[in-house]
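Enquirer: Have a look at this one before I ask anything.
Here, each number is a calculation from the coordinates, and none is a lab measurement. Worth saying up front: this structure is predicted, and the values here are computed from it rather than measured. When we count neighbours, we look across all protein chains shown, and the Cβ atoms used for this are built from the backbone with ideal geometry, even at glycine.
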Amino acid sequence: MEELLGIALQSMQQDMERVDRVAMNLSNALTPAYKREVAVVRTQSSSQANSFARLWDAGMADAVSRNVPENQVEVLSDTRPGTLKSTGQNLDLAIAGSGYFEVQTDNGTAYTRQGNFRMDARGRLVTAQGYPVMGKGGDIYLNTSQPSIDATGNIVENKLPVGQLKIVQFDKPASLRRLGNGLVAAGEGMAQLQDSEIQVKQGYLENANVSSMHEMVELTQTMRHFESMQKVAQGYDEMLGTAIRKLGDL
């Protein structure tokens with residue numbers, strides 16, 4: 001019977017992680033190029049399942065309010081591209097298809113699909129947070145905020161080439177580690193895309209791939225499951241209390 005309570009507590013913990021992901025997705029529904037997060041439960045064999053006693057010893061009560069153990073729930077990114085919206089801004093760029101822009105942060109190289117770029121005081125092409133956007137030859141310097149950028153990422157001003165955007169892809173984009181502000185760290189199998197593989201759209205931004213309706217359905221289903229597991233735990237507690245009282249009457 002301890003296993004039953006352990007399974008219920010484990011399921012409630014997983015449901016709370018799912019609710020956190022839904023909240024994160026809904027709060028970023030309007031963030032350019034945001035990729036929704038998905039909580040994936042790793043199944044375990046019965047021999048690996050934690051008993052209630054071991055869950056309690058490991059601090060399960062506190063873990064419910066923290067991140068779940070890595071061997072229970074894995075948070076992945078839904079890397080499907082979002083739809084594109086026209087902004088008419090020359091420095092707004094979207095990647096139609098796979099790929100990431102490379103940027104240079106204070107902590108090293110990072111990657112993003114958020115193309116709401118701007119020109120800083122030094123004339124560099126930078127992200128909304130001020131991080132330089134990398135070209136194949138390094139930093140990209142502009143003379144005006146009205147350059148022409150073609151589908152392969154070539155930047156032209158006054159009919160003169162300025163540089164070309166550096167765009168890369170990864171073997172497993174769903175497992176890329178998020179750094180915040182739409183940035184991700186380098187992952188496995190990074191490779192620079194060839195010109196024939198790049199599809200840059202100037203004057204567009206990629207929408208988040210979040211459906212508010214889908215997230216609300218997910219939230220409703222998760223909360224119902226959580227309530228069911230809560231009733232299981234309460235039922236076990238009541239049954240245990242009844243058994244203890246009856247033993248006391250003997």
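Enquirer: Determine, from the Cβ-Cβ distance of residue 190 and residue 84 and an R0 of 25 Å, the FRET efficiency 1/(1 + (r/R0)^6), rounded to the nearest 0.05.
Expert: With R0 = 25 Å, the Cβ-Cβ based efficiency is 0.55.
Enquirer: Let me ask another. Apply the Debye scattering formula to the stretch 66-172, with a single equal point scatterer on each alpha-carbon and no solvent, then give log10 I(q)/I(0) at q = 0.19 Å⁻¹.
Expert: Ignoring solvent entirely, the Cα scatterers give -0.99.
Enquirer: Shifting gears a bit: What does the highest-first list of 161-172, 77-88 look like by mean Cβ count within 10 Å?
Expert: On the way: 161-172: 18.2, 77-88: 14.1.
The peptides rank, most packed first, as 161-172, 77-88.
Enquirer: Can I ask one more? Can you pull the percent of Cα pairs in the stretch 148-191 with separation above 16 Å?
Expert: 54 percent
Enquirer: At R0 = 51 Å, how high is the FRET efficiency between residue 242 and residue 107 if r is their beta carbon distance? Nearest 0.05 is fine.
Expert: FRET efficiency, residue 242 to residue 107: 0.35.
Enquirer: Okay, next question. Cα-Cα over 25 Å: which of 35/201; 35/231; 85/136? Spell out each step's value before the answer.
Expert: On the way: 35/201 19 Å; 35/231 34 Å; 85/136 27 Å.
In this structure, 35/231; 85/136 lie more than 25 Å apart at Cα.
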